[in-house]
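Novice: I have a structure here, written as structure tokens, and I will follow up with some questions on it.
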Amino acid sequence: MNIEQFGSSIDLDKVLDVTLIEPRLKHPTIFKYFDKLTPGDYFIIHNDHDPKPVYYQLLGQRGNNFTFEYLIKGPDDWFIQIQKTPADNEGEKTKELAEKEQKKADFFAAKGQDYSCENSNDTNSKASAKGPANLLKDDIILQYDRWAPGFLCDFIEQTDHCYFRTLAPQLDGLGENIRQRHQGQHPELASIKAYQDQLLATLLFHLTQEKSALFNSVKQIEQQTEQQGSEPDTISLKQLYAGSILKKQANETLADLLNHIRSHTNQYKAPQDACDSYIYYFKRLAQFDLRLSRYLHLENTVLLPKVGTWI
């Protein structure tokens, strides 16, 4: 079903278009809409990426008293119907809800974790004043050090991996459109797009690689130590070591490519004659940079040192 057909079949008064809401207000607004629902009533979120993080936040803070149904799943538009459980079903557990998801939601809620896929946007206005390095040293980053490595791997996969896989094709399309339209007046766009292509290709490749080479090894070793109560076997440690080396090399490459993009964009400052689309492109690049920097910081300063104690 395309957007036009979908739009003619729903009650538009039920749609909350969160793409029009300031990032820091998106989740509070969704909660406000949810809290106003009567049992059995619903509303529909329209977003430009998968809002799965808000599912965990609702689950952790409001409990298992709603359904979260995908009506349209991207790639550019996402529509999700959130319905409060009817009164006659209150107290029942939805069978489809995996037990580990409830545990994750409870854990995140206890930690006061921000689930937003767009949390980089929330702090974007502060970036110019503080710089990315200072933003990385916030309380949320510091909380991660108390998490078990396996749980930290799950968190990175369900938040950062989700964000990068969703935003990468959007950023690729936007960058190519701007390059084609403005390269004549701004030849630097060719270099920017080339570095962006390298960055996204490297990132998406290593997301898959780190899951198979690092994350799976971490979970396997945790399982061995928990179930057997002994030290991990040599083969598992060798796999973990190899995965750690690959991850460090990949993160160094990604950081180097980010520095090239920052340099060629003059720290994401659009030229004076830039149109709105050009300015928007640089804004999205800056937001992606901030999110990727947080991801690299989390792995380099928390996850990899934790894993290193086993090697």
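The values are calculated or read from the model by the stated rules, or taken from the named source; none is laboratory data. Keep in mind the model is a prediction, meaning the values are calculated, not measured. As a convention, Cβ positions derive from the backbone with ideal geometry for all residues, glycine included, and neighbour counts pool all protein chains shown.
Novice: Answer yes or no: is there a residue in the stretch 36-52 that is closer than 18 Å to THR67 by Cα and out of contact with any strand residue (DSSP E or B) (no Cβ under 9 Å at 6 or more places or on another chain).
Specialist: No, the stretch 36-52 contains no residue that is closer than 18 Å to THR67 by Cα and out of contact with any strand residue (DSSP E or B) (no Cβ under 9 Å at 6 or more places or on another chain).
Novice: Let me ask something additional. Being assigned to a helix (DSSP H, G or I) and either touching a Pro at 6+ places or on another chain (Cβ under 6 Å) or at pLDDT 75 or above (or both) is the filter here; which residues of the stretch 137-151 pass it? Don't jump to the end; show me each part of the working.
Specialist: Here is the first cut: in the stretch 137-151, the ones assigned to a helix (DSSP H, G or I) are 139-146, 149-151.
Matches in the stretch 137-151: ASP145, ARG146, PRO149, GLY150, PHE151.
Novice: Can you pull out every residue in the stretch 52-76 that is assigned to a loop (DSSP other than H, G, I, E, B), at pLDDT below 85 and surrounded by 15 or more Cβ atoms within 10 Å (Cβ to Cβ)?
Specialist: Across the stretch 52-76, the qualifying residues are ASN64, GLY74.
Novice: Could you list all residues from the stretch 284-311 that are within 17 Å of the chain's Cα centre (by Cα) and of a type in the set (D, E, K, R)?
Specialist: Residues satisfying the conditions are ARG284, ASP289, ARG291, ARG294, GLU299.
Novice: Checking the conditions here, which among ALA105, ALA127, ALA194 is out of contact with any Pro (no Cβ under 9 Å at 6 or more places or on another chain), modelled with pLDDT under 50 and assigned to a helix (DSSP H, G or I)?
Specialist: On inspection, the qualifying residue turns out to be ALA127.
Novice: Identify all residues within the stretch 281-311 that are free of Cβ contacts under 8 Å to residues at least 12 places away in the same chain and either of a type in the set (D, E, K, R) or farther than 22 Å from LEU207 by Cβ (or both); write none if there are none.
Specialist: Matches in the stretch 281-311: THR309 only.
Novice: If I filter the stretch 290-304 for residues that are among the polar types (S, T, N, Q) and surrounded by fewer than 18 Cβ atoms within 10 Å (Cβ to Cβ), do I get at least one hit?
Specialist: The answer is yes; a qualifying residue exists.
Novice: Check whether at least one residue in the stretch 224-246 is basic (Lys, Arg) and either part of a loop (DSSP other than H, G, I, E, B) or closer than 21 Å to PHE155 by Cα (or both), and report yes or no.
Specialist: The answer is no; no qualifying residue exists.
Novice: List, please: which pairs have Cβ atoms under 7 Å, are six or more places apart or on different chains, and start with a residue in the stretch 20-39 that is farther than 25 Å from THR85 by Cα and end with one that is in a helix (DSSP H, G or I)?
Specialist: Once the first residue is farther than 25 Å from THR85 by Cα and sits in the stretch 20-39, its partners that are in a helix (DSSP H, G or I) give ILE21/THR29; PRO23/ASN121; PRO23/ASP122; ARG24/ASP122.
Novice: Sticking with this one: Considering the stretch 259-284 alone, what residues qualify as being assigned to a helix (DSSP H, G or I), among the aliphatic types (A, V, I, L, M) and surrounded by fewer than 19 Cβ atoms within 10 Å (Cβ to Cβ)?
Specialist: ILE279
Novice: Could you tell me whether ARG165 is more than 24 Å from the chain's Cα centre (by Cα) and either in a helix (DSSP H, G or I) or of a type outside the set (S, T, N, Q) (or both)?
Specialist: Answer is no for this residue.
Novice: Would you check which residues across the stretch 186-206 are surrounded by 19 or more Cβ atoms within 10 Å (Cβ to Cβ) and under 20 Å from CYS162 (Cα atoms) and list them?
Specialist: GLN196, LEU199, LEU200, LEU203, HIS206
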